[in-house]
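Structure record follows, encoded as structure tokens.
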Amino acid sequence: MIDPQPSGAAPAEPSVASRAVPVPYAPAYGTASLADLPGSLLASLGLPVEGTLALEPASRVCLFLVDGLGAELLAAHPEAAPFLTAHLRGTLTAGFPSSTPTSLATLGTGAPPGEHGMVGIQMAVPGEGRLFNCLRWTAPGLSIDPDVWQPTPTVYERMAAAGVEPVYVAPASFDGTGLTRAVYRGMRHRAAESPDERVEAVRQALRETTFVTVYFGDVDRAGHFSGWGGAEWLEQVAVADRMAERIAEALPPGAVLYVTADHGMINAADRVDVDLSQDLREGVLMLGGEPRARHVYTSPGAAGAVLETWREVLRGRAWVVTREEAVAAGWFGRGVRREWLGRIGDVVAVPYGECVIVASAGEPVETSMIGYHGSLTPAEQNVPLVEIRR
Ligand SMILES: [Zn+2]
């Protein structure tokens, strides 16, 4: 029995308690987030939409999406991307989770995740007891209709209705996938593989239409497998920088190029393996999300115990909250549509610092990575907004 301590007395675990718990870096929905960009681009093209970012009018817009090029990462290596650095207009926040399918849906709809419902890479299919991987668009034994899973109309559909024929320049393998349908529907797909081919495809598309999006995924890929800041990553950042410069050179008069990213990245230095922890598996039905933003779906009646255990095990390494707390904190936007609530974990575990929550048996590839993203830290949330006008 320990005597009651007066307030302010030394806590029981000074080493942990003295380590300040950071505050989640909340997405700036409604002011300066990726959700605010599409409407602002439409407004700059003269469509009757309110643009929060107050972008200047343009005759044509090219949006270059460099997967994984966080603003803090770019700021740490200006020498790798002198062109992008010289034309930085500001920063936006990605949204939660800071993950590719979520951000693509946000950019595609102009809505926050709580509205479009793409709240993670792996989400529970409510009522089915199955996990759906929306990056691969697979759910064991289920067929997921992209128009039903993500029903919010895309800005590209709105553009098409207004007479603009938006073009999406990306690898041929993206054409016709469930994810592409969910987040890019309304776009005409133009397949291009190498950086040179993509620049050329953009150049041609800008002659035919007033809105072009082009995607480059190799900065993210290099970051995941070699770590951000490393030689391979720097090489791919330089490729993206050169692509941007060449697209800018090809802009017709009155056109503008914006460059942004879907999220940043951290290099992991602390791994918690759920598959090696009996405690963390107890009461857990399905482990969803990704290593920096976990949706934990619990057995009936087990949510309270799981929350307690996960908080204990991840103390000082992750924010561990209930679904209701995550929603109330505004992580997914001002609210979450009722029909999407079941896609969010009963418990949401979001590591900060350099911690990742991996599952070595269930997700061997993801477990072996170096770079990760998904969380609510500035390194993952802040993305650049680069602007070049002709
Ligand atoms: Zn990634």
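Things to note:
- Within region 21-60, the residues that satisfy the criterion of being surrounded by fewer than 17 Cβ atoms within 10 Å (Cβ to Cβ), within 14 Å of Thr93 (Cα to Cα) and not polar (S, T, N, Q) are Ala26, Gly30.
Per-residue answers, yes or no, for (1) crowded, with 20+ Cβ neighbours inside 10 Å; (2) away from the ligand (no atom under 16 Å from the Cβ):
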residue: Ser226; (1), (2): no, no
residue: Ala231; (1), (2): no, yes
residue: Glu249; (1), (2): no, yes
residue: His295; (1), (2): yes, yes
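- Qualifying position, being open to solvent by less than 30 Å² (accessible area, probe 1.4 Å) and modelled with pLDDT of 95 or more, among Val239, Val256, Val164: Val256
- Qualifying residue in region 254-270 (condition: hydrophobic (A, V, I, L, M, F, W, C) and more than 22 Å from Leu65 (Cα to Cα)): yes
- Cβ pairs under 6 Å, 6+ apart, first in region 220-236 and among the polar types (S, T, N, Q), second near the ligand (Cβ under 10 Å from one of its atoms): Gln236/Val219
- Region 251-277 - residue that is within 15 Å of the ligand (Cβ to nearest atom) and assigned to a loop (DSSP other than H, G, I, E, B) and, of those, farthest from Gly46 (Cα to Cα): Ala268
- Among (1) assigned to a loop (DSSP other than H, G, I, E, B); (2) more than 24 Å from Arg311 (Cα to Cα); (3) at pLDDT 90 or above - the single one Asp3 does not satisfy: (3)
- When residues in region 358-375 are screened for being open to solvent by less than 40 Å² (accessible area, probe 1.4 Å), within 16 Å of the ligand (Cβ to nearest atom) and not aromatic (Phe, Trp, Tyr), 8 of them pass.
- Of all the numbered requirements in (1) in contact with a Lys or Arg (Cβ under 8 Å, 6 or more places away or on another chain); (2) farther than 29 Å from Arg389 by Cβ; (3) open to solvent by less than 10 Å² (accessible area, probe 1.4 Å), Tyr156 misses one, and that requirement is (2).
- Residue check for Glu115: within 15 Å of Met265 (Cα to Cα) and away from the ligand (no atom under 15 Å from the Cβ): no
- Qualifying position, being touching a Gly at 6+ places or on another chain (Cβ under 8 Å), more than 25 Å from Gly110 (Cβ to Cβ) and either open to solvent by 30 Å² or more (accessible area, probe 1.4 Å) or without any contact (Cβ under 8 Å) to a residue 24 or more places away in the chain (or both), among Arg337, Arg317: Arg317
- Some residue of region 295-307 being under 30 Å from Arg89 (Cβ atoms) and in a helix (DSSP H, G or I): no
- The residue pairs whose first member lies in region 257-279 and is farther than 23 Å from Ser98 by Cβ, whose second member is assigned to a loop (DSSP other than H, G, I, E, B), and whose beta carbons are closer than 7 Å, counting only pairs six or more residues apart or on different chains, are Leu257/Leu251; Asp275/Ala359; Asp275/Ser360; Asp275/Ala361; Asp275/Gly362; Leu276/Ser360.
- Residue check for Glu200: without any contact (Cβ under 8 Å) to a residue 12 or more places away in the chain and within 15 Å of the ligand (Cβ to nearest atom): no
- Flag if Gly374 is of a type outside the set (A, V, I, L, M), under 21 Å from the mean Cα position of the chain (by Cα), in a loop (DSSP other than H, G, I, E, B) and over 22 Å from Gln150 (Cβ atoms): no
- Odd one out for Ala261 among (1) open to solvent by 20 Å² or more (accessible area, probe 1.4 Å); (2) closer than 30 Å to Ala26 by Cβ: (1)
The values are calculated or read from the model by the stated rules, or taken from the named source; none is laboratory data. Computed from a predicted structure; not experimentally measured. Quick reminder, even Gly has a Cβ in these numbers, built from the backbone with ideal geometry, and neighbours come from all protein chains shown. Only protein heavy atoms, including side chains, enter the accessible area calculation; ligands, DNA and RNA are left aside. Shrake-Rupley method; radii C 1.70, N 1.55, O 1.52, S 1.80 Å.
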